Amino acid sequence: MRLFQLTIAALFLFPLTACGDAPAESSEAAEGAAPEEYERGPHNGRMLRDGDFALEVTIFEDGVPPEYRVYAYSGDKPVAPRDVDLTIQLKRLDGEVNTFKFAAEQDYLRGNGVVIEPHSFDVTVAAREGGRRHRWQYASYEGRVTLAKQAAEAAGITTERVGPASLSETIEIIGYVELEPTATSNVGAKFPGRVVSAGPNVGDSVRAGQVLARVESTESMQIYAITAPVSGVIVERRTNVGDVAGSDPIYVIADTNRTRAVFPIFPRDMERVRAGQQIQLGLL
């Protein structure tokens, strides 16, 4: 068995409001303000106020995937969550928009989805209660850094426009070469008897029709020849002169032109391997 090392190159493509009948808009984050410069509520959430109505927006992740839980107040007194219709929309840095609808649960309004990481986005909050509509917009940036042009240049940071690009990734796999299931022929005696001669040894090449052994039949007492049914290489010899040939094969011939390479792939790599990908073979 010959061992080979297979390298697969996988190609990926990266494209690299004020209260009233009509909604008004209020900005919660002042330009240039630090991320933590906002009012916090009883649940340590961000307070959004519009007149006497207020919302406390929290992202709850204690034992559960991150989710929105929002508390409503009127005159700083809790408002029943069933009396508030709420929607929150997140716009991420790459332009992706996530929209959350809310349903009443206990004393808060619970969002209908997971707030996936990173928690860095522009937020739009729209609420309706008591016939009034409210709207807020603010930035909630987690892990973002803003650098002045001069500071970026001094640090050697450059930018380029995002576009498609082909990247390569390699996976090293150890494999082996084996005969195809139909590439071997078992050669046995037609009639049982004593082996009077046996020629080829393991590793010898033979051609179809070549005499491999001669057997003296126990029934007719005549000697007959056992010939190779196919051309190939002797991979097994199971007899010697004087042995009794029966129903078991005495030679096994393999067609070494009919082989296949087997490369077991780990489950973790299965999704990265596709038909048509380029490979590089090397002998170990």
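Quick note: the coordinates plus some simple rules give every number you see, no bench work behind them. Quick caveat, the model's predicted, so the values are computed rather than measured. When we count neighbours, we look across all protein chains shown, and the Cβ atoms used for this are built from the backbone with ideal geometry, even at glycine.
Order by neighbour count: R69, R161, fewest other Cβ atoms within 10 Å first, most last. Walk me through the numbers on the way to the answer.
On the way: R69 20, R161 5.
So the ranking, lowest neighbour count to highest, is R161, R69.
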I'd like to know which of P200, P42, N112 lies farthest towards the positive end of the charge dipole of the chain, counting +1 on Cβ of Lys and Arg and -1 on Cβ of Asp and Glu.
P200
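What length, rounded to one decimal in nm, is gained on full extension from R144 through to S205, with 0.36 nm per residue of separation minus their alpha-carbon distance? Could you put the intermediate results ahead of the total?
Details: separation 61, 0.36 × 61 = 21.96 nm, distance 7.11 nm.
Taking R144 through S205 to full extension adds about 14.8 nm, to one decimal.
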At R0 = 25 Å, how high is the FRET efficiency between R268 and E117 if r is their beta carbon distance? Nearest 0.05 is fine.
0.65
As straight-line cross-link partners of K77, the qualifying lysines (C-alpha separation under 25 Å, not fewer than 8 residues apart within one chain) are K101
Please enumerate, by chain and number, the lysines with C-alpha under 29 Å from the C-alpha of K149, excluding those fewer than 8 residues away in the same chain.
K91
So how much slack lies between T170 and E61, counting 0.36 nm per residue of separation and subtracting their Cα-Cα distance, in nm?
35.5 nm
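Using a cut-off of 12 Å between beta-carbons, work out the net charge of the residues near A254 (Lys and Arg +1, Asp and Glu -1, A254 not included). Walk me through the numbers before you get to the answer.
On the way: positive: R258; negative: E178, E180, D204, E236, D255.
Surrounding charge for A254 is -4.
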extent check for the chain: Cα max minus min per principal axis, descending, whole Å, gives 117, 52, 29
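Within a 10 angstrom radius of the beta carbon, how do V57, V177 rank from fewest other beta carbons to most?
Values: V57 25, V177 13.
Ordered from fewest to most neighbouring Cβ atoms within 10 Å, V57, V177 come out as V177, V57.
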As a footprinting exposure proxy, order I253, I174, I59 by other Cβ within 10 Å, with the fewest listed first.
I174, I59, I253
